[in-house]
Every structure is written in C-alpha cells, then in structure tokens.
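What follows is one structure encoded as structure tokens, with my remarks underneath.
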Protein chains: 2
Amino acid sequence: METMGRHVIAELWNCNEDKLNDINLIEKIFVDAALKSGAEVREVAFHKFAPHGVSGVVIISESHLTIHSFPEHGYASIDVYTCGNRIDPNIAAKHIAESLEANVVEKVEVPRGKGPVEVKAFNKM
Amino acid sequence: METMGRHVIAELWNCNEDKLNDINLIEKIFVDAALKSGAEVREVAFHKFAPHGVSGVVIISESHLTIHSFPEHGYASIDVYTCGNRIDPNIAAKHIAESLEANVVEKVEVPRGKGPVEVKAFNKM
C-alpha cells in the first residue's frame, strides 16, 4: 500500500450540546461518515466520560476517524485520515459536522506519508 | 474540561520493518508511551492487515494516540493528541519513534480547541 494519505483536522464549534454527549449517536454518525466516504470499517471504540464528553475512534482500512467532544463548550475536535487517493476525507468530515449541527467549522488538510510538508492555515469549511 | 489541546503529528521513516509488522509489540509500545507521558488509558483497539501493516489507537482520558504502519516502506504515521496542559505529547511521540527505531522523524505540533490557528511546517524531531 502506498504511504500517501490525506488528514483532515477539523474544529467544530457551536454544535448541538445534547448530541455531543450521546455516545450511541456519535458512534452511528462516525460509522455512517466512514461508509458514506467509501471506507471499510475495521474497529470501533468509543468511551463516555463523566460527567460529560465522548471520545472515540473508527479504524478503517484506509486509516481512521476520531472525535473528542466537549458538550459543555459546544465543541468537538475531529480527525479524518484516509490513505491513498480513492477516498476524500472531506466527505466524512462534512457529514460529521452537519450531523452534530456545528455552526462554525475550521479545518485544515495535512498531507501524510510524503515527507516534510508545509501545513496551511485552518480554513472555514 | 478545557478544550485546549496539543496534537503532535509525526512521520516516522526508516523504521525497523519487523517491528512495524508486530501488532502485539506496537500495542505494548503505544500503551507504554501513553503511561510514560502520564496519560490514563481508556480503550485500546489495534488491527493487523494482510499481507502487512498495523493500524491502532489508544484512547486516553486526555484524547488519543494512533498509528498506521507500512512495513514495506519502513514508514509509520503517528498522532499523539493530549487535552489540557498537564501532559506533553512529545514524550509519547519520542518513546514511539525510539521504540520503532525510526531514523528520520518529521513532526509538527498543532494546537487544538483554541479556534483558527496557523500551523507551522514539519520539523525534524
């Protein structure tokens, strides 16, 4: 497999706070996001924190999707990393941002597996 | 919990190819790296691909560590993301790079949870 990959880092602000605290919903959103982008799901692991917040990952054949949610701040930090050229990580990131009702999204795409790179600034989604 | 976090993205080149294909060893290295940096391990999920390569994640109370290895290229792509100021993700990244015998390491640290940011270029580790 080629090393080249695309890694979308996104900051989701002003999300629906109830959704950010619902582990079952977040897991479903993430699996759906992976499938919608054409990825193959391999492992799923999510964790609910007390008193609030969810962390989780979906390992796909093409790398991973992760989330850390902070319901009390309406914020979620997400990563969508896909190896190869077949899949566009932005499709999954967009699905997640819309599903969590993010009102402000900042994101940056980092090329992976190609050696040293200059990383661009965060952009509005 | 505060949203502020530190996300180290590292590209490990010219690693030990046998180690990059050993799922049990990689899982141990990652759990050790998390503990060494002072993190609390919550979930562990690793997957071995055929004919080669390992993907995996350690979810910690403070966010996550991930890897995707490409033994045939001597390459591993790793992320260490820690929320808050208590833990330095570079400690875990250094442990992983040394354990996988990486000869060339490029990394960048991305601030998370603080709004839009300018991301610096990859640096030698």
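Taking the condition touching a strand residue (DSSP E or B) at 6+ places or on another chain (Cβ under 7 Å) and away from chain B (no Cβ under 11 Å), does residue A:85 pass?
no
Table: residues versus (1) among the aliphatic types (A, V, I, L, M); (2) over 21 Å from residue B:10 (Cα atoms); (3) within 8 Å of chain B (Cβ to nearest Cβ).
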{"site": "A:19", "(1), (2), (3)": "no, yes, no"}
{"site": "A:52", "(1), (2), (3)": "no, yes, no"}
{"site": "A:80", "(1), (2), (3)": "yes, no, no"}
{"site": "A:93", "(1), (2), (3)": "yes, yes, no"}
{"site": "A:107", "(1), (2), (3)": "no, no, no"}
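Being more than 8 Å from chain B (Cβ to nearest Cβ) and more than 23 Å from residue B:82 (Cα to Cα) is the filter; apply it to region A:109-124 and report the residue that is modelled with the highest pLDDT.
Residue satisfying both the conditions and the ranking: A:114.
Counting only residues that are without any contact (Cβ under 8 Å) to a residue 60 or more places away in the chain and among the charged types (D, E, K, R), which one in region B:32-52 is nearest to residue A:46 (Cα to Cα)?
Taking the candidates together, the pick is B:43.
With the checklist (1) more than 10 Å from chain A (Cβ to nearest Cβ); (2) touching a residue at least 60 places away in the same chain (Cβ under 8 Å); (3) more than 15 Å from residue B:105 (Cα to Cα); (4) not aliphatic (A, V, I, L, M) in hand, flag the one item residue B:7 doesn't pass.
Condition (1) is where residue B:7 drops out.
For region A:58-68, which residues satisfy the criterion of being touching a residue at least 24 places away in the same chain (Cβ under 8 Å) and either within 11 Å of the chain's Cα centre (by Cα) or part of a strand (DSSP E or B) (or both)?
Once the filter is applied, which keeps residues that are touching a residue at least 24 places away in the same chain (Cβ under 8 Å) and either within 11 Å of the chain's Cα centre (by Cα) or part of a strand (DSSP E or B) (or both), region A:58-68 yields A:58, A:60, A:63, A:65, A:67.
Go through (1) within 30 Å of residue B:114 (Cα to Cα); (2) touching a Lys or Arg at 6+ places or on another chain (Cβ under 7 Å) and name the single condition residue B:34 misses.
Here residue B:34 meets the rest and fails (2).
Against the condition within 18 Å of residue A:69 (Cβ to Cβ), more than 10 Å from chain A (Cβ to nearest Cβ) and modelled with pLDDT of 95 or more, how does residue B:66 come out, does it pass?
No.
Residue B:96: touching a Ser or Thr at 6+ places or on another chain (Cβ under 6 Å) and not in a strand (DSSP E or B), yes or no?
No, not satisfied.
Among the listed residues A:23, A:91, A:29, identify the single one that is under 21 Å from residue B:65 (Cβ atoms), among the hydrophobic types (A, V, I, L, M, F, W, C) and touching a residue at least 12 places away in the same chain (Cβ under 8 Å).
Selected residue: A:23, the only one of A:23, A:91, A:29 that is under 21 Å from residue B:65 (Cβ atoms), among the hydrophobic types (A, V, I, L, M, F, W, C) and touching a residue at least 12 places away in the same chain (Cβ under 8 Å).
So which residues in region B:69-78 are more than 7 Å from every other protein chain (Cβ to nearest Cβ) and free of Cβ contacts under 8 Å to residues at least 60 places away in the same chain?
B:69, B:71, B:72, listed by residue number.
For region A:77-106, how many residues are surrounded by 22 or more Cβ atoms within 10 Å (Cβ to Cβ), over 10 Å from residue A:7 (Cα atoms) and more than 9 Å from the chain's Cα centre (by Cα)?
Of the residues in that region, 4 qualify.
The values are calculated or read from the model by the stated rules, or taken from the named source; none is laboratory data. Note that the structure is predicted; figures quoted are calculated from it, not measured. So basically every Cβ, Gly included, is an ideal-geometry build from the backbone, and we count neighbours across all protein chains shown.
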